[in-house]
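First comes the structure, then the notes that go with it.
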Protein chains: 2
Amino acid sequence: MIIDCHGHYTTSPKALTDYREQQIAASANKLALPSPSQINISDDQIRESLEENQLRVQKERGVDLTIFSPTAGAMAHHIGGLDVSRDWARACNDLIHRVCLLYPRNYAAVCQLPQTRGASPASCVEELTRCVNELGFVGCNLNPDPSDGYWDQLPITDRYWYPLYEKMAELDVPAMIHVSCSCNPNFHHTGAHYLNGDTTAFMLFLQSDLFRDFPSLRFVIPHGGGAVPYHWGRYRGLAQNLGRPPLSRLLDNVYFDTCVYHQPGIDLLLEVIPKKNILFASEIIGAVKGIDPETGFHYDDTKRYIESVPDLSQADKDQIFFKNALKVYPRLERHLAATRQLHPGEQP
Amino acid sequence: MIIDCHGHYTTSPKALTDYREQQIAASANKLALPSPSQINISDDQIRESLEENQLRVQKERGVDLTIFSPTAGAMAHHIGGLDVSRDWARACNDLIHRVCLLYPRNYAAVCQLPQTRGASPASCVEELTRCVNELGFVGCNLNPDPSDGYWDQLPITDRYWYPLYEKMAELDVPAMIHVSCSCNPNFHHTGAHYLNGDTTAFMLFLQSDLFRDFPSLRFVIPHGGGAVPYHWGRYRGLAQNLGRPPLSRLLDNVYFDTCVYHQPGIDLLLEVIPKKNILFASEIIGAVKGIDPETGFHYDDTKRYIESVPDLSQADKDQIFFKNALKVYPRLERHLAATRQLHPGEQP
């Protein structure tokens with residue numbers, strides 16, 4: 001079986017963005033916010049938005065299940081206050097839930113958090129709990145820069161974030177570290193801000209005692225870990241210079257996805273990072289949509305690169321393609337059991 | 001011959017940092033700034049600071065010449081106004097000049113620019129001109145984030161920066177893109193801010209028409225290009241999606257150094273980036289000082305990794321170890337001619 005741990009609903013029906021625009025306008029003009037319940041999207045509209053897009057590509061590439069979340073770039077946590085973020089997260093998460101109800105065998109849900117520039121991460125606990133306990137979500141996306149490009153909030157390893165981590169640990173759900181859009185003209189959204197966010201998060205983990213305080217907490221760093229695997233020697237050396245534990249200790253809690261869009265990058269990732277820490281992902285209809293003229297295939301067809309890595313054993317492939325996802329997202333097993341009539345613990 | 005294009009005077013005598021501390025205190029208290037001419041450093045102090053440090057390591061590793069500049073992390077362009085930056089740059093550059101006078105066969109000089117948060121890059125033209133025309137410097141370091149961690153200035157591809165580029169083009173000197181320290185607790189100085197700065201700069205170049213406006217301008221992106229070579233497929237795809245020219249066009253103006261501190265990273269760099277765009281560098285006594293227990297050698301002994309890359313021809317090695325440096329820093333040839341009694345155009 002093949003699980004893609006990194007998909008966003010980038011093709012969601014227009015009514016969702018229409019609502020968001022009304023919400024932003026109302027917030028800017030200090031008017032009453034529109035209610036998410038006003039969003040009118042039919043099941044057929046959801047089907048149409050997916051069957052010609054993500055679902056088609058999943059089938060073409062042989063991906064069984066995608067861990068699916070709202071569009072990362074549209075989270076835009078710098079906009080408005082807590083009320084705006086709460087309604088927007090709820091609207092996006094409810095739509096993801098409907099996707100999973102319509103296609104339970106193809107999608108498992110990860111939620112957007114109602115993070116807000118200047119508001120405590122504790123304000124995310126309620127929506128996370130609702131999504132996991134009431135809607136069966138298996139994880140969340142965590143934006144390490146709710147300012148969206150100015151990095152003016154406290155680092156994700158600061159105790160300020162601990163109320164959220166306490167709830168994540170209690171619910172036993174991981175977070176994918178994923179920045180949103182960039183308001184900073186220095187940082188191109190997908191070409192700089194995304195990768196910088198990944199690199200920044202890893203170094204913060206390296207510097208901190210977060211996993212001493214939360215030994216079971218798990219994070220997935222997407223886009224192949226930003227710059228980190230390419231500079232693995234630098235990070236080993238920095239850990240050593242700073243008197244920090246060896247990086248192998250971090251790898252009890254930190255995982256990398258495979259959203260690296262060429263063969264040499266995937267080769268390096270699989271050479272440097274233990275296979276137990278790599279989760280298959282492609283982020284389709286995402287940052288890089290075209291066909292690579294050098295290969296004739298889509299840049300984001302990452303399964304092809306992994307299958308071309310020499311000397312990769314079947315056991316390694318099983319880890320990367322589904323076993324690690326089941327380990328990092330333990331609630332996936334229940335989801336699979338419910339949708340595929342598996343017995344708990346049975347191999348998918 | 002072997003030229004290391006990336007060395008900083010991290011072991012400079014204490015009198016330099018004493019001066020800087022006095023300067024910062026005076027600036028903070030709105031007192032008269034101390035004059036750089038008060039800095040009292042003897043030739044012997046310079047010799048001592050280098051012979052047991054950078055010079056020793058250079059000799060041990062068989063490096064002939066280092067392109068040497070003031071400590072990047074100490075540039076700290078966010079501190080004080082134009083007067084502070086001018087004095088500090090001048091003090092640092094004059095000291096680098098003395099290093100090159102004492103060890104003309106071992107060092108060629110690159111200058112710190114008196115960049116200032118909130119001041120036009122045009123304010124750097126005078127010091128750049130002095131260093132190149134009067135002191136024989138061969139290039140400069142350019143900080144793409146004079147806020148030192150908050151990225152609140154205009155991108156380096158904005159026309160705001162053009163007066164500096166006009167002078168660089170006229171003098172035919174390149175810049176190494178190099179951030180300084182980080183005041184932002186989100187960004188570890190050498191573990192996040194450095195690599196993010198590199199990645200950010202490359203994406204800005206990709207998005208802009210800077211090299212249409214300055215066809216001869218040349219930049220070296222250090223630390224192996226941040227995240228860029230590892231994500232080369234992503235950048236090829238982004239260029240394609242954005243309707244930008246292929247990356248090969250950028251490579252007429254953009255170069256990468258080899259400060260990547262493990263074998264797989266160097267292997268990827270040399271596989272992905274054309275050899276004509278890679279300049280040997282190690283940044284010794286820099287970001288990562290220890291010995292790698294996996295190899296028994298220093299992390300920053302990058303010559304060793306390059307020499308271990310399979311199937312690297314002598315012609316490739318010559319390009320990486322010195323020919324590309326002579327092309328990117330054309331004033332180096334004069335420096336070599338003067339210090340090694342070479343005729344102009346003669347092979348070093």
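Derivation of every value follows stated rules applied to the coordinates shown; laboratory data play no part. If you're wondering where the values come from, they're calculated on a predicted model, not measured in any experiment. Virtual Cβ from ideal backbone geometry, glycine too; neighbours counted across all protein chains shown.
Overview of results
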{"quantity": "R0 of 60 Å, Cβ-Cβ distance B:ASN40-A:ASP44: FRET efficiency to nearest 0.05", "calculated": "0.15"}
{"quantity": "Fully extended contour minus Cα-Cα distance, from B:SER208 to B:ALA338, at 0.36 nm per residue", "calculated": "43.0 nm"}
{"quantity": "Residue order, fewest to most beta carbons within 10 Å, for A:TYR329, B:TYR230", "calculated": "A:TYR329, B:TYR230"}
{"quantity": "Residue-averaged beta-carbon neighbours from other chains (10 angstrom radius) around B:199-209", "calculated": "4"}
{"quantity": "Gyration tensor (alpha-carbon) shape descriptor, region B:197-264, a/c threshold 1.5", "calculated": "oblate"}
{"quantity": "For residues of A:234-244, the mean tally of beta carbons on other chains within 10 Å", "calculated": "6"}
{"quantity": "Computed lengthening from A:LEU312 to A:THR295, 0.36 nm per intervening residue step minus Cα-Cα distance", "calculated": "4.0 nm"}
{"quantity": "Environment charge at A:HIS178 (Cβ cut-off 11 Å; Lys +1, Arg +1, Asp -1, Glu -1)", "calculated": "-4"}
{"quantity": "DSSP-loop trypsin sites (Lys or Arg not before Pro) across region B:30-139, with at most 13 other Cβ within 10 angstrom", "calculated": "B:LYS30, B:ARG105"}
{"quantity": "Neighbour-count order for A:ARG249, A:ARG218, fewest beta carbons within 10 angstrom listed first", "calculated": "A:ARG249, A:ARG218"}
{"quantity": "Within region A:186-216: backbone nitrogen closer than 19 Å to the B:ASP152 label point (7 Å, Cα to C-beta)", "calculated": "A:186-187"}
{"quantity": "For the protein assembly as shown, projected area of the alpha-carbon convex hull averaged over all directions, nm²", "calculated": "30.5 nm²"}
{"quantity": "Residues B:GLU166 and A:CYS183, FRET efficiency given R0 of 30 Å [Cβ-Cβ distance, rounded to 0.05]", "calculated": "0.50"}
{"quantity": "Rounded FRET efficiency, nearest 0.05, which uses the C-beta distance separating A:ARG304 from A:ASN53 and R0 of 22 Å", "calculated": "0.70"}
{"quantity": "Other-copy label distances relative to B:ARG334, 7 angstrom Cα-Cβ extension, nm", "calculated": "7.3"}
{"quantity": "Nm distances between copies for A:GLU52, ranked from closest, using label points 7 Å along Cα→Cβ", "calculated": "7.3"}
{"quantity": "Of all DSSP beta bridges in the protein assembly as shown, antiparallel share, percent nearest 5", "calculated": "5 percent"}
{"quantity": "Kyte-Doolittle mean at least -0.5 and Cα axial length at least 24 Å: DSSP H helices in chain B", "calculated": "B:82-102"}
{"quantity": "Inter-chain Cβ neighbour average for residues A:256-265, partner chain, 10 Å", "calculated": "5"}
{"quantity": "Shape call, chain A: gyration tensor on alpha carbons, a/c limit 1.5", "calculated": "rounded"}
{"quantity": "Cleavage-rule hits (trypsin sites (Lys or Arg not before Pro)) in region B:257-348: DSSP loop, at most 15 neighbouring Cβ within 10 angstrom", "calculated": "B:LYS289"}
{"quantity": "Calculated label separations, B:ARG212, copies of the chain, 7 Å along the beta-carbon direction, nm", "calculated": "5.5"}
{"quantity": "Equivalent ellipsoid semi-axes - Cα gyration tensor, region B:70-152, angstrom", "calculated": "23, 12, 10"}
{"quantity": "Exposure proxy order (Cβ contacts within 10 Å, fewest to most) of B:CYS5, B:CYS100, B:CYS124", "calculated": "B:CYS100, B:CYS124, B:CYS5"}
{"quantity": "Equivalent ellipsoid semi-axes, region B:251-348, via Cα gyration tensor eigenvalues times 5, rooted, Å", "calculated": "26, 16, 12"}
